[in-house]
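This report concerns only the one structure given below.
The values are calculated or read from the model by the stated rules, or taken from the named source; none is laboratory data. The structure displayed is predicted, hence computed values, not measured ones. Ideal geometry is used to build each Cβ from the backbone, glycine not excepted, and the neighbour counts take in all protein chains shown.
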Amino acid sequence: MRLREACKARGWEIAGEYTDVISGVKQSRPALDRLMQDARAGKFNTVMVTKIDRLGRSLIHFLQLTHEFERMGVDIVAIDQPIDTGGPTGKLIWAILGAVAEFERELISERTRAGLQRARAEGKRIGRKPLPDDVKRRAVELRMEGLSYQEIGRMLGISKRSVIRACQNAGLTGAKTPPPRKAVPQ
């Protein structure tokens, strides 16, 4: 919305919108890949982002993108950071902020690892709580009756993966096919 408004205020035509929900750390993302393909095809001459870290958080990847855009004659504008790579000052600031974005990402990662280590040292459980034994037993019973992992998960309000794990821990194997139905003696 804000990017559309910024384009309208500048009198720019919007050639396309590219939105990823994947981390900026990833070098290959569907929308970014499409953006680069359209840039190579000459569909636009400016890329507008809210902040530079929306393009990437790895300095090397960020600089590669910047260099490739420059080679194609595509400028980059960040509306929350008054940067325009159309001139040398903007390019310098762009590179510095790219380094800062990577630094920030590494700090966050470092703090996360330290927090996990501290929690483990304090004996805290990391991850999801284990399923209650009665839920595990019921999952195994339903599997023995021939229901699929997905059906069991829906019935018990747990993930398919949790059902599979409960069944594997109980000695049931074969994620693809249900175990044979047991005949109930009459």
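In a helix (DSSP H, G or I) and modelled with pLDDT of 80 or more: which single residue out of PHE44, PHE62, PHE69 fits that description?
Working: PHE44 fails: in a helix (DSSP H, G or I); PHE62 fails: modelled with pLDDT of 80 or more.
One residue alone meets the criteria, PHE69.
Please identify the pairs in which a residue from segment 86-112 that is in contact (Cβ under 8 Å) with a residue 24 or more places away in the chain and surrounded by 12 or more Cβ atoms within 10 Å (Cβ to Cβ) has its Cβ atom under 7 Å from the Cβ atom of a residue that is of a type in the set (Ser, Thr, Tyr) and not in a helix (DSSP H, G or I), counting only partners at least 6 apart or on another chain.
Note: pairs meeting the criteria are LYS91/THR85; TRP94/THR85; GLU102/SER58.
Restricting to segment 34-64, name every residue that is free of Cβ contacts under 8 Å to residues at least 12 places away in the same chain and either farther than 19 Å from GLY16 by Cβ or surrounded by 13 or more Cβ atoms within 10 Å (Cβ to Cβ) (or both). I'd like the intermediate steps shown before the answer.
Initial filter on segment 34-64 (free of Cβ contacts under 8 Å to residues at least 12 places away in the same chain): 37, 41, 60, 64.
Selection gives ILE60, GLN64.
Is it the case that segment 67-78 has a residue that's over 22 Å from TRP12 (Cβ atoms) and of a type outside the set (Ser, Thr, Tyr)?
Going through segment 67-78, the residues over 22 Å from TRP12 (Cβ atoms) turn out to be 67.
Cutting the leftovers down to of a type outside the set (Ser, Thr, Tyr) gives us 67.
Within segment 67-78 (the criterion being over 22 Å from TRP12 (Cβ atoms) and of a type outside the set (Ser, Thr, Tyr)), the answer is yes, since at least one residue qualifies.
Can you tell me which residue within segment 108-139, out of those that are part of a helix (DSSP H, G or I) and at pLDDT below 90, is farthest from ILE152 (Cα to Cα)?
Going through the qualifying residues, I end up with ILE108.
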